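The values are calculated or read from the model by the stated rules, or taken from the named source; none is laboratory data. Just so we're clear, the structure is a prediction, and the values are computed from it rather than from any experiment. Heads up, the Cβs are rebuilt from the backbone with ideal geometry, glycines too, and the neighbour counts pull from every protein chain shown.
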Amino acid sequence: MSYYFAIVGTQDNPLFEHEFGTSKQGGDGVARFREEARHMNQFIVHSSLDIVDEVQWNGGQMYLKHIDRFHNNYIFCFITAGSVKFLLLHNPDTHTPPNASSRSSAATARTSAYGQSASTTYNPTAPAVEEAIKNFFVEVYDVWVKTIMNPFFKLDMKVTSPVFRGRVAAAARKHL
Amino acid sequence: MGDSFSPFSAARMLIQVLPAGPIKANVFNDTVKILREAGPIQLRDINPPPDPDRNLFNPSKFPRGRISFSFTSSSKSLSHSVLYPFETFREPFLVLGLADASEFSLDGDHDVDAREATRDPGKRSFSELNSHLSQLRDNYPNGLVHRIILVVSRQDQHISDLPDGILTLRPRESINSLLCGLAAQLLPEMTGLVKSFQALQNYPSPLALNRDGQGDENGAGGSRRGSLRPFPSPSSSSQDIKASHRMSMPVMSSSAVSPLSGSRPGTPGTEGRSTPATTFDDIPGAVPPHVASRISTPPAGLWGDALRELSESATRARASGDYLWHAKSLENLAVCLLLLAWNGISFRIPDICYPSSTRPLAAMKGLQSPPSGGPGDAPAATPEEVIEAIRGLYEIIPELIHMIRDAYNRTWDIPGESLPQFAYSEINIRFARLLVGLSDDGHLDGGMRQLMPTDSKLVLPRFSRGRAFARQTSDMLQAAIPPPSDFSDISIMDTVTILGAVVSSYSALGMARKSMLVLQDFLDTLIPGLVQARKVGAAEAGMHPAAGIANLQSQAVPSQDPGQLVESILKFFESIDLLPVRSDGQEEQEEQEVDATSSTAISTNKDTKINLLRKCIKVCEALPDFNGVLRCTAAVFTLAGPGSAPNIASPDVFILIPPEEQIMLAANFYRTSDLIDNLGLPKSGGDYWDPFLVRGLEVQLPPPGREMISRRMNDFDNTAIEQIGAKAGPFLHNAFNKKTKGPTNQAVFVAGESCSFSVTLQNLFDFEIHIDSLELVTSMDDFVVRREGIRLGPHRVQMFAISGTPKTAGPVHVTECKVIPKGCMPKTFDIIPGPWSPPDLIKISDGLADAKAKDEPKLFILEGTVLEPQPLLDLTKLSLSQKAIEVLEGERKSFKVTLTNHMTSSRANFVRITPQDNIRVYLQSALKERDIRPSFRYEMEYQVYQDPNVRCIKGLDQQNIGSNEPAEFEFEILGKPGLSHASIQFDYCYLPDSTLKESFFTRMLEIPFTVAVKPSIRLLGSHLAVLPQDPMGVLAPRDRNCWMIMDFRNLSHTPLKLSLQQNSESASEEGISSVSLKDGQEELIASGRTSTVSSAIPKVFIERPHTAIPSLDPTKEQQFVLRTSGGAPIDERVERECFWFSSSLINSLSASWTDPDSGKSGTVNLRDISLAPDEVDVLRLDDVSIFWTSELKGSLGVPSTAKFKLLNRTQETIRVELQLYRTIAGFVDRIAGSHVESQLMSAIGPNTEVEEEFDCMFEIKGHHVFVPTVVEREARDGAMDRPLRTWQGEPKFVTVK
């Protein structure tokens, strides 16, 4: 269960990035992306902006819930009033080696493409998952608003504050 | 477009086109292109089959129907054809071989007897064609009709006696009639096919076929499908088929078949279905919904039956839990419904299309489309109804698709029942493309467009994107992406095509970022495949697979390599129809597609783009496509660059790719470019990456003497010259002394003379840039400025000299540079000297950018003029040795200058001479100060303008100097202390019409020389005093003269003779007979000695000594000057008086010296004389003077008359009263001793003398003193008023004894 959290500015430029693992179920809060997949996270999140552009007009909600998926990565989005996007990539892969055993048929291949072999039980639209991520987003939003109230903060400026990062990490530990 | 990704591929008839016999590639490609361009054919154009037994598809029943063909020239793949007839478009019904008629007649032309010859070889060829035809039949057993088309390129070629199965295609022959003929032959065959299917009782599921290739790995599946034999062709016996088919399928009840095939033979759509589950699919050629759709347009009732059959079979499949066939039925049903709706035929949406059969009836009806008009011939629906129906249909389409996908997904869990991955992916892509195509702003692919009704005026409504639209479509495409290859059995070719289709679908959906993410996968998969294919190809060609690109020269002609992989790329590009399909140059399309993706998506990540392009380079290398390598590499550099123009002084910009990679890419780039040149391949090249290559343009100054200097008409203001007098030469203020400044964007060139520019180029990258050619784009055609072979060093701003020669006169401007960088397309660059960076665009939404707030970089435009051929003067003779001259102070010397015009083609018709020296320069700079006392200013201006040290005395008026002709000038120099060097400047040019324009250009020749001035006699000091009492009368009269004392010192080494002259004219102007100085008074002064000269000089009358001190520079003249110095008015008054009297004195005196030994002579500078205020009083003559004209006779008691003369020197009339004061020395009695006699006089006119008399009587002895006094009175109504001014005359003493 690894997470990649990114704040994306109005120019689709990254303002803040953070990787962490789950702290629930005995997790130690360390991200465990596979090495070959880690560099793809940015690309995946970036490509999800296409979906954000579409679904942001659907309702007045800031929390857009689960919006996209790429292989075994699930993207959740929270959009602020200033069109800054909080994107959370969730990889439920617990880093177990893929099951290369008997089911090598086409059906197995396809389900693995759906990312359901590694965590077949994971459901991104489950209320518990949505709620936890929503709480995380809301807490980050709270910190975010305080950050951008800084008179020296300009639009689309990168956030480098270690305090901000610490608060995001705390929110992650608390909710995810 | 044999495209399994098109949503309507199931509704199109696939035709395989192959070469049969010898045919040139271009003829083949052209013919395929012609075939593809042919539109769908109308059923009414097809002749009905004569045989009633084979009349199942009778086109005459549906004259409005259409058949749309799709042609493929690619070879079939086994993994795909096993899906036939589950998906009928996997196999062609019609196989066409193309043969070139000219290839066959070629032999005949060589024979003498043409007619005989053409016939004989023709017969031989036709028999060859027969063998080709049978070969086609062997290779494509599933094809129903096999034909060979003989392409006749020459109209007059006579071909006869063709065997069966061979058709001809002549130029300008209607391709549609050919297709109609083929269709007429095909339809009866399809009847046979349908009947053969009807003979089957059930049908295999695709996976059974899939097993054939894979072997049986699944025990359970294997037991059920015990057959490994390939799928039988329709001609196989039904018994065999039965045996091989899975038995899990619900066996079709015979009662279901018979009514369809028997009782309604005329409904082709329902016809073919022998098993409920296979519905359409099994009617391979027979054309389930698709063919039905186009065939059965008119009889609406029959359509109703067809739909009913479809829904029945789907219902049956669902009931029996056969999800695969259920899904397939629904899929085809959806297509069928759409086609019906578009063609305006009444239909009723079957219940099976709704998500649940328990759906309320009301809701169903609400969604229902036009009330079905019964099975009969219902009239065609009105457009409104049709639109309503289409809207209703569109509403359920997303739900329907969801249902179908759900059904397909359920087959996962059934072992042996699921689709192969590629088929599953294709299904998903088909749905996604369908949704995109139907939605707003989506675009229809070619297949869909062909199937849309073209004849009706109906504007089809668009499917509106709902909230879930993006998610749903994206999910479908996501599902279509094949899993990593180690999980799946999917081939590289299939993966590549599927990924390509996903990419293009994302693009069509407007999700550029998504499409790029997938595109990376696509290229990753493609590259190893290409490399492998090339190795195989090289091995086939007998070369070592490890041979590099360069060694593949012989067969390296790109895009001609007929490998399987390249064919699959072709297929991929057909599948994405972002771009029109071309039969060659597929890789270009790929890049264009990449370009399109990257350019439309403004917000996509640069890193992603670069990553993609790196992969594109590898693809191009693998193909190999050298031009593609160039283009992609250039595109990488474009993206990696900053996209802005940095400050030239500090071009520190961030390049996205590291230096090592830049160097590597650049080396590869230039190597490839060289390779293309060496091979002689056509070169297109890339687009140069830095739009700010040219950062500056300057005109280099020509060598000294050749530059043209801008002059203005104002520099020659004649009025100013007249005011000053021509003494100093024609020019007042030295316009010609202005030095030209550095180069500007105003340039002057001379026709016929070479000029040079320096172009500043920038290179922000860490590699050397090779530039083949650099050329300035001038507005003159014959003004070519070009340089070839430039190397621009890494990471620097470099200037390059470039030269050219203008041929004709006229205005010219340079706006751009045309540069051909090596390996790139020629490009013109604007000249952008200043820093510039693109403004931040505000993203509004959906990638829309705020386009209006764009500021453009400031462009540099060089404006220039090309002048007529100009002369070039050079100094050929100077009468000074060593360019130096020695003079004594005050001495004048002359020298000669000879110039020659060296130009043969032009003459000078304008020559101006400006002498200059260091004193003058100093004074001119001093004159620029504002706070100079006016008297000093006047003195300096006098020296500058009136008394120059160097002046031209001969040749001043010479204006014309012909070509190769000399011209002589003479100059005079005056020695002054401090003069050390001087120069003479010639400004000359050729003016085409000999008249000065507002501004023009001249050339300049400057002749400097040094001057040594030796001292001679100098005035050390001077003093003025009142003349002493002169009882002897030797001296001049005291009242009109004063005494001047001057000290002169001889500073030279030799004795000099000084002579002092008085300018008598200035004195006589005063109207006073001056007492002349001893004119020509001479005195020899020994070396180093000082001599004092004293002399009486006449006093001076100045009527208005308080007027402002003038300025000799007309530009500095001021009209109203009250006070120029900051002091009190009295000071100003004193200064002005001193100035006027001093200048009057200086003008009246002159001194000169001669050297008795050498005979040299010169003048002594007296301008240093300046008067103190008390000296001014000495020098001054009053306005009114009173003189005694007769003496009084002092005799007691004798009356005497005193006569006076009154002189008014002013220009005004003065009213005066003459008074005579008379006192007696020693008397204190006021009455007797002292009194005033006064006499009122009327007025004295200007410059007039008046005589007056007083009568006196001496009554007392003693010394009488008479003082005549003139009192000016203010005139007021006849009465004398108070006195204004008084002047006293000389007192007289009379002694009365």
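Points to keep in mind about this one:
- Just one of the listed residues (B:Gly810, B:Gly804, B:Gly789) is surrounded by fewer than 13 Cβ atoms within 10 Å (Cβ to Cβ) and without any contact (Cβ under 8 Å) to a residue 60 or more places away in the chain, namely B:Gly789.
- The listed residue being surrounded by 22 or more Cβ atoms within 10 Å (Cβ to Cβ), modelled with pLDDT of 75 or more and away from every other protein chain (no Cβ under 14 Å), out of B:Met493, B:Met476, B:Met511: B:Met493
- Given (1) of a type outside the set (Lys, Arg); (2) under 30 Å from B:Trp1140 (Cα atoms); (3) at pLDDT below 75, index of the condition B:Met1241 fails: (2)
- Selection count where residues are assigned to a loop (DSSP other than H, G, I, E, B) and in contact (Cβ under 8 Å) with a residue 12 or more places away in the chain, scope the range A:26-41: 6
- Every residue from the range A:149-176 that is surrounded by fewer than 16 Cβ atoms within 10 Å (Cβ to Cβ) and of a type in the set (Val, Ile, Thr): A:Thr160, A:Val163
- In the range A:32-41, residue nearest to A:Met1 (Cα to Cα) [restricted to those that are away from chain B (no Cβ under 11 Å) and surrounded by fewer than 19 Cβ atoms within 10 Å (Cβ to Cβ)]: A:Arg32
- Evaluating A:Glu17 against the criteria (1) within 12 Å of chain B (Cβ to nearest Cβ); (2) of a type outside the set (S, T, N, Q); (3) closer than 19 Å to A:Val138 by Cα leaves one unmet condition, (1).
- Restricting attention to the range A:57-73 and to residues that are at pLDDT 85 or above and in a loop (DSSP other than H, G, I, E, B), the residue that is farthest from the other protein chains (Cβ to nearest Cβ) turns out to be A:Met62.
- Flag for A:Thr10 being within 14 Å of chain B (Cβ to nearest Cβ) and not aliphatic (A, V, I, L, M): yes
- In the range B:930-950, of all residues being within 19 Å of B:Ala1108 (Cα to Cα) and part of a loop (DSSP other than H, G, I, E, B), the one that is farthest from the chain's Cα centre (by Cα) corresponds to B:Arg933.
- In a residue-by-residue description of the range B:678-692, the property of being modelled with pLDDT of 90 or more and either within 23 Å of the chain's Cα centre (by Cα) or among the aliphatic types (A, V, I, L, M) (or both) applies to no position.
- Any hit, the range B:64-72, residues being more than 21 Å from B:Arg170 (Cα to Cα), at pLDDT below 70 and surrounded by fewer than 21 Cβ atoms within 10 Å (Cβ to Cβ): yes
- So A:Ile44, is it part of a helix (DSSP H, G or I), buried (at least 20 other Cβ atoms within 10 Å of the Cβ) and at negative phi: yes
- Candidate set from the range B:514-530 (those that are facing another protein chain (nearest Cβ under 10 Å) and of a type in the set (A, V, I, L, M)); member that is nearest to A:Met40 (Cα to Cα): B:Leu517
- Taking first residues from the range B:17-44 that are closer than 13 Å to B:Ala101 by Cβ and partners that are outside any helix (DSSP H, G or I) and of a type in the set (Asp, Glu), the Cβ contacts under 7 Å between residues at least 6 apart in sequence or on separate chains come to B:Pro22/B:Asp100; B:Ile23/B:Asp100; B:Lys24/B:Asp100; B:Val27/B:Asp100.
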